[in-house]
Amino acid sequence: MMRKTDPIKQQERRLHILEAAAHCFAEHGFHATSTAQICKRAAMSPGNLFHYYASKADIIEALIASDTDDIRSRMRAAGAAPDACQALREWVDGQLALYRDPAFVRLGMEVLAEAVRNPRVHALVMANEAERKTGLLTLLAAVWKGREAPRPLAQMADTLLLLLDGVYSRSVVDPAFGTEAAASLLDQALERSLPPATALRNPAPRRGQAAKGRA
């Protein structure tokens, strides 16, 4: 009699492998990381790892797809929040918190570098970014529901994304760069993306306090 597979446990094992691989890719780089290193980090045999993922390429593709799913679920939750304005502020703060994490920044650079070489990875990265912008547009639509926005929501979204991507890039090329230096610019762009009465009534929380609250 064949043993029944537990889909929840299988998913947990997959996520465990992805977490271990992400640590290895951030520390050693995608191409310099061996499957043996991933197995050691995940505390499993190569045979067990290959049962879930046939290659390192499959793992990096699964990492991107998992991140896209996470973006989708987070943005849906933010869009359904009772206070869309506060949800937007918290989303921006959450992005800045990620960019303060050196491991996240290094892993992101590894993914982008692989996207240049690998068409499949490039397609997944494009889908990931599209999900990010779609979610932000949905959140902005909730912010301005019942009000007339002063400019197109797509323009607001592009402004916020450009500033956030700029923070990410500066953190890569300038080790001395601090995200606090960009926080004021983001605050200005964020407040221009909120209805005036709401911006005055609910000032954005301080970045440091927000980061501590998520720790």
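The values are calculated or read from the model by the stated rules, or taken from the named source; none is laboratory data. Predicted, not measured: the structure shown is a model, and the values here were computed from it. Positions of Cβ are backbone-derived with ideal geometry, glycine not excepted, and every protein chain shown enters the neighbour counts. We work out accessible area using only protein heavy atoms, side chains counted, and drop any ligands, DNA or RNA first. Shrake-Rupley method; radii C 1.70, N 1.55, O 1.52, S 1.80 Å.
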- Item | region 76-149: GluC sites (Glu not before Pro) in DSSP coil with no more than 14 other Cβ atoms inside 10 Å | E148
- Residues of the chain: accessible area per residue with a 1.4 Å probe, Å²: 58 Å²
- Message: For a quick size check, give me the Cα extents of region 35-135 along its three principal axes, largest first, whole Å.
- Response: 48, 30, 25
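Determine, from the Cβ-Cβ distance of R192 and H122 and an R0 of 25 Å, the FRET efficiency 1/(1 + (r/R0)^6), rounded to the nearest 0.05. Mind dumping the intermediate values first?
Working: r = 33 Å, r/R0 = 1.31.
That gives a FRET efficiency of 0.15.
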- Task: Would you mind telling me which residue in V105, V121, V173 has the biggest mean-square fluctuation in a Gaussian network model of the chain, where springs connect alpha carbons within a distance under 10 angstrom?
- Result: V173
- Run the 1.4 Å probe and let me know the accessible area of I64, rounded to the nearest 10 Å². 10 Å²
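With every protein chain kept in the model, how would you rank M44, M109, M126 by accessible area, 1.4 Å probe, largest at the top?
Result, largest first: M126, M109, M44.
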- Query: What is the helix-to-structure angle for 84-99, meaning the angle in degrees between its Cα long axis and the longest Cα principal axis of the chain, kept from 0 to 90 and rounded to the nearest 10?
  - Reply: 50 degrees
- Task: Pick out, in residue order, every one of the trypsin sites (Lys or Arg not before Pro) in region 49-102 that is DSSP loop and has at most 16 other C-beta atoms within 10 Å; say none if there are none.
- Result: R100
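R0 = 22 Å: FRET efficiency of E27 with H51, Cβ-based, nearest 0.05? Mind showing how you got there, number by number?
Values: r = 24 Å, r/R0 = 1.11.
Computed FRET efficiency for E27 and H51 comes out at 0.35.
State whether region 12-66 is rounded, prolate or oblate according to the following rule on the C-alpha gyration tensor (a ≥ b ≥ c being the square roots of its eigenvalues): a/c under 1.5 gives rounded; otherwise a/b larger than b/c gives prolate, and the remaining case gives oblate.
Numbers: a/c = 1.40, a/b = 1.09, b/c = 1.27.
Verdict is rounded for region 12-66.
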- Task: Answer with a single label: of (i) 29, 19, 16; (ii) 36, 20, 16; (iii) 93, 16, 12, which was calculated as semi-axes √(5λ) of the Cα gyration tensor in Å from the structure in view?
- Result: (ii)
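Whenever you get a sec, line up L112, L107 from highest to lowest accessible area (probe 1.4 Å, protein heavy atoms).
Values: L112 80, L107 40 Å².
Ranking L112, L107 by accessible area, largest first, yields L112, L107.
Tell me the carbon and sulfur percent of the accessible area for the chain, rounded to whole percent, probe radius 1.4 Å. Don't skip to the answer; put the middle values down first.
Working: 7230 of 12390 Å².
Accessible surface attributable to carbon and sulfur in the chain totals 58 percent.
Note the count of lysine pairs whose C-alpha atoms are less than 23 angstrom apart in the chain, limited to pairs 8 or more residues apart or on different chains. Spell out each step's value before the answer.
Details: K9/K40; K9/K56; K40/K56; K133/K145.
Going through the chain pair by pair, I get 4.
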- Could you state the angle between the C-alpha long axis of helix 119-143 and the longest principal axis of the C-alpha atoms of the chain, as a value from 0 to 90 degrees rounded to the nearest 10? 30 degrees
- Query: From the backbone phi of region 191-196, what are the Karplus-calculated ³J(HN,Hα) couplings (6.51 cos²θ - 1.76 cosθ + 1.60, θ = phi - 60°) in whole Hz, Gly and Pro given as x?
  - Reply: 5, 6, 9, 10, x, x
- Task: Give the accessible area for D67 in Å² (nearest 10); use a 1.4 Å probe, count only protein heavy atoms, and leave out ligands, DNA and RNA.
- Result: 70 Å²
